[in-house]
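Inspection log for the structure reproduced underneath, given as structure tokens.
Rule-based calculations on the coordinates, nothing more; no lab input. Just so you know, these numbers come straight off a predicted model, no measurement behind them. Cβ: placed from backbone, ideal geometry, glycine included. Neighbour counts: every protein chain shown.
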Amino acid sequence: MGRARRLGLKFGVAAAVLYVICMILTYVETDLYQSTVASAALFLSAVSFVLAIGALYGRSQKGAFILGALAIVGTTVGFFAGLFPRLMVSSLNPGYSLTIYNASSTEYTLSIMTIAAAILVPVVLCYQIWTYYIFRKRVSPNDSGHQAY
């Protein structure tokens with residue numbers, strides 16, 4: 001575990017520096033921080049990131065893992081909350097941005113997709129259950145015989 005911890009500390013500090021640079025550039029170059037939810041989530045994710053590195057220094061693998069996961073979730077929530085209702089931001093004109101309103105499907109398309117999902121999701125789930133059932137046993141070289149070739 002010593003080698004993994006050393007690498008985690010080395011790359012964790014480098015990642016934290018890059019993360020801070022990314023957050024500063026995001027603040028300067030975009031409008032993501034105009035949303036209160038996005039600002040709070042991004043701030044908490046930055047704090048979680050720093051605390052995760054501190055947990056590595058304190059030899060708490062579980063704490064570092066949880067705080068690192070919280071930093072990832074916070075960053076994701078922050079960026080999506082800052083983008084809302086936009087999906088893709090246009091660099092040419094803000095009016096050209098793709099939003100949840102102009103990107104949504106028609107009601108007819110949504111009804112067809114609901115029916116397709118209601119039929120196909122159970123089929124996929126049944127197939128997954130069946131494959132796990134079929135391949136549940138451990139295979140050894142003696143079990144394969146001549147059929148492995």
Point to revise | Residue (of Tyr108, Gly74, Leu51) at the positive-pole extreme of the stretch 48-149, dipole from beta-carbon charges | key: Leu51
Check your understanding: Got the relative contact order for the stretch 1-103 handy, in percent, Cα pairs under 8 Å and 6 or more residues apart?
Key -> 25
**Study point:** Sorted by Cβ neighbour density within 10 Å, fewest at the top, the residues Ser35, Ser105
**Key:** Ser105, Ser35
Study note, to complete from the structure: Among Ser111, Ser90, Ser48, the residue with the largest mean-square fluctuation in a Gaussian network model of the chain built from Cα contacts under 10 Å is Ser111
**Study point:** Prolate/oblate/rounded call for the chain, Cα gyration tensor, a/c under 1.5 rounded
**Key:** oblate
